[in-house]
Amino acid sequence: MPAVELAGLSASLWRIPSRTAEILKLSDKVGDPGLLKATILNLCKNSGDDPSSKPDLETYASLLRQCASARALDLGQLLHEEIARRRFDGYTFLGNTLITMYGSCGDVDRAKKAFDRIDSRNNTVSWNSMIAGYAQNAFSKEALKLFKAMDLQGFQPNKVTFVSALDAAGNLGALPEGSAIHEEVLEHDCETDTAVATALINFFGKCPYCQSGDPHQVQAIFDRMRDRDDVSWSTLVGAYAQSNQHRTSMELFKKMDVEGYKPTRFTFMSVVDACGKLSALREGRVLHSSIMNSALKWDVVLQNGIVNMFGRCGSVEESSSAFQEMLQRDAVSWSIMISAFAHNGHGAEALETFLAMNLDGQTPDELTFVSILSVCAHAGLLRDARGHLVDMVGDYALVPGLDHYVCLVDLLCRSGRLGAAEELVETMPYEPHGSAWLTLLAACKMQGDLKRGARVGKSFLATDPDTSAPYALLSSIYAEAKRVNEMRIVRKAMEERGIKKQAGCSYIEVHDRVHEFKAGEVSHPRHRDILYELMQIQRKMVEAGCVRDTRLVSYDLEEEEKENLLTYHSEKLAIGLGLVTTRPGTELRVVKNLRVCSDCHTAIKFISRICGRRIVVRDCNRFHHFEDGVCSCNDYW
């Protein structure tokens with residue numbers, strides 16, 4: 001039956017006494033917004049003085065629940081006015097439903113007024129409704145405050161209370177408050193309840209405790225659950241992803257599928273993000289296929305995640321293909337595509353996409369301009385960068401942030417204008433941050449500016465003395481300049497503060513298995529084969545004119561020993577494994593946790609040409625696409 005006819009039927013029913021139940025059954029069954037509106041309008045119009053035509057409390061409550069489900073705030077308000085006119089809003093039953101309706105529609109202020117108007121708040125339901133309203137609308141502090149007030153007034157929380165309070169604590173990353181709620185959960189013996197346990201997993205997954213990389217408590221809670229469902233599995237997968245244990249997150253996703261649980265939107269988003277962070281292209285392709293065969297295949301947020309994932313895996317072609325296939329694109333979609341092009345060395349395509357974004361009527365945001373300025377930096381387009389900054393402020397009313405200034409610093413450094421870059425760092429309208437000093441210090445090292453590097457390094461250490469990056473770079477600058485005493489002073493200062501240099505670590509996936517290599521690794525089962533292969537290639541590299549950058553080795557050793565040490569860098573070992581275990585011509589993909597050193601960068605260029613391989617390396621800064629002796633970064637990274 002068409003909605004117009006249904007609306008007419010609703011109107012006619014209201015004119016017939018005692019037909020309330022039929023109206024509710026009709027509107028609830030159809031779930032049509034037009035019918036809901038017609039029902040409420042007719043109710044308000046026809047509920048006159050005839051007692052037989054006046055809806056009862058359950059009628060109002062049912063319609064309010066439908067307004068909540070449809071997020072129909074305007075209709076809910078209209079119905080509330082009718083309820084208030086009949087002085088029903090003080091009744092606890094209807095008051096609770098009003099709180100839920102306003103909370104579901106995002107109007108927390110009216111929810112609180114409805115809460116305050118209830119004549120007798122001597123029941124847990126009223127408190128639960130208000131706490132939930134706060135929590136689901138990101139008023140997390142207010143939710144926790146009300147949770148404490150509920151306790152002070154002598155009301156016992158139940159499972160529903162705990163779920164909302166834990167959600168609020170998780171949103172704030174409030175470990176002490178959430179842990180205290182966990183203790184209450186244990187006291188009430190409801191930790192194994194599915195909803196409560198899922199809320200606990202979600203809380204610990206969001207809080208710093210779990211994000212530090214040790215989600216054992218999350219796993220323990222999950223293991224103690226009596227019953228598990230799709231949501232609890234999805235929350236566990238997300239908790240591991242948030243704790244940076246991406247490989248475990250992906251394994252749990254596979255296990256979830258094997259055990260017959262259906263992934264939710266949140267599950268897919270967590271695992272898509274994990275694939276991107278691991279550069280796990282093969283798994284990413286499988287995941288993309290699964291999503292495209294699900295009911296969520298055209299979800300814009302999920303599609304944005306897929307475009308980003310392929311970009312972070314270094315597959316710009318697949319990122320662009322996924323972007324082109326999207327039925328709808330928002331500003332985030334365009335920004336992600338621009339970023340994917342920019343970080344993979346496709347500057348021209350990034351700028352073309354930015355123009356297309358403007359033609360499509362989408363408004364760029366701060367992140368879009370970070371990508372555009374990054375492109376300008378890598379291409380040395382100083383005038384264009386200035387023009388984009390002017391547009392950013394004048395046309396889009398956006399305020400340049402620290403990241404935008406760091407892009408300009410990078411651009412000046414790449415243009416050889418280290419003096420101007422240093423001046424910009426010292427005069428920009430933000431307190432110089434580690435990223436700005438790091439960019440400038442790395443440029444001083446690359447361009448051999450010892451005097452400026454020493455000065456910048458000291459400034460860097462003054463602002464960020466507890467990280468290894470400034471010590472390592474400054475030590476390397478002194479080592480390359482053969483200033484051994486200064487190098488030892490820097491290293492001693494590093495040791496005195498208990499700071500250890502982060503070890504280089506690289507990953508490569510071969511035949512469905514991820515292999516990890518640390519600098520100096522000798523424990524891999526194929527170590528002898530890897531070393532033999534690298535030595536054979538090294539001989540060919542020397543014949544082809546490759547000169548090893550032994551300045552990178554700060555130890556007092558003979559040149560030959562220094563060259564041998566350089567051979568054991570983690571990315572070279574990973575590539576060596578790829579060469580001995582895959583067919584000739586197979587593309588190799590390596591992920592490294594640190595910046596690729598200059599010697600490895602030069603070596604990989606030679607390897608790509610000598611072995612006829614395309615080699616993709618993702619370091620902490622960007623992607624390097626090596627092919628036929630050339631890198632996409634144009635030897636500046």
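The values are calculated or read from the model by the stated rules, or taken from the named source; none is laboratory data. If you're wondering where the values come from, they're calculated on a predicted model, not measured in any experiment. Neighbour counts run over all protein chains shown; Cβ positions are idealised from the backbone, glycine included.
Points worth noting:
- Scanning segment 250-276 for residues that are over 14 Å from the mean Cα position of the chain (by Cα) and surrounded by 17 or more Cβ atoms within 10 Å (Cβ to Cβ) gives Met250, Leu252, Phe253, Met256, Tyr261, Pro263, Thr264.
- Listed by position, the helices (runs of 4 or more DSSP H) contained in segment 288-352 that have at least 1 residues being within 15 Å of the chain's Cα centre (by Cα) and closer than 30 Å to Gly380 by Cα are 300-312, 331-343.
- Flag set for Ala138, criterion: farther than 21 Å from Leu94 by Cα, outside any helix (DSSP H, G or I) and small (Gly, Ala, Ser).
- Any chance Ser371 is closer than 16 Å to Val307 by Cα and small (Gly, Ala, Ser): yes
- Which listed residue is in contact (Cβ under 8 Å) with a residue 24 or more places away in the chain, under 30 Å from Cys275 (Cα atoms) and in contact with an Asp or Glu (Cβ under 9 Å, 6 or more places away or on another chain), from Phe203, Phe162: Phe203
- Pairing each residue of segment 260-288 that is on the phi > 0 side of the Ramachandran plot with any residue that is surrounded by 22 or more Cβ atoms within 10 Å (Cβ to Cβ) and assigned to a helix (DSSP H, G or I), provided the two are 6+ apart or on different chains, yields C-beta distances under 9 Å for Ser279/Arg312.
- Within segment 109-123, if we keep just the residues that are within 40 Å of the chain's Cα centre (by Cα) and surrounded by 22 or more Cβ atoms within 10 Å (Cβ to Cβ), the residue that is modelled with the highest pLDDT turns out to be Ala111.
- Failed item in (1) within 27 Å of Pro470 (Cα to Cα); (2) of a type in the set (D, E, K, R); (3) surrounded by fewer than 18 Cβ atoms within 10 Å (Cβ to Cβ), with Glu366 passing the rest: (1)
- Residues that are modelled with pLDDT under 95 and assigned to a helix (DSSP H, G or I), drawn from segment 150-176: Met150, Asp151, Leu152, Gly170, Asn171, Leu172, Leu175, Pro176
- Residue within segment 568-579 that is surrounded by fewer than 19 Cβ atoms within 10 Å (Cβ to Cβ), of a type outside the set (Asp, Glu) and either at pLDDT 90 or above or outside any loop (DSSP other than H, G, I, E, B) (or both) present: no
- Of all positions in segment 394-410, none carries a residue that is hydroxyl-bearing (Ser, Thr, Tyr) and touching a Gly at 6+ places or on another chain (Cβ under 9 Å).
- Qualifying residue in segment 184-195 (condition: surrounded by fewer than 21 Cβ atoms within 10 Å (Cβ to Cβ), assigned by TED's automatic domain parsing to the domain that holds Ala61 and outside any helix (DSSP H, G or I)): no
- Only a single criterion out of (1) of a type in the set (Val, Ile, Thr); (2) in contact with a strand residue (DSSP E or B) (Cβ under 6 Å, 6 or more places away or on another chain); (3) at pLDDT below 90 is not satisfied by Ile508, namely (3).
- Filtered by the rule that a residue be of a type in the set (Asp, Glu), over 20 Å from Phe139 (Cα atoms) and surrounded by 17 or more Cβ atoms within 10 Å (Cβ to Cβ), segment 54-108 gives Glu82, Asp89.
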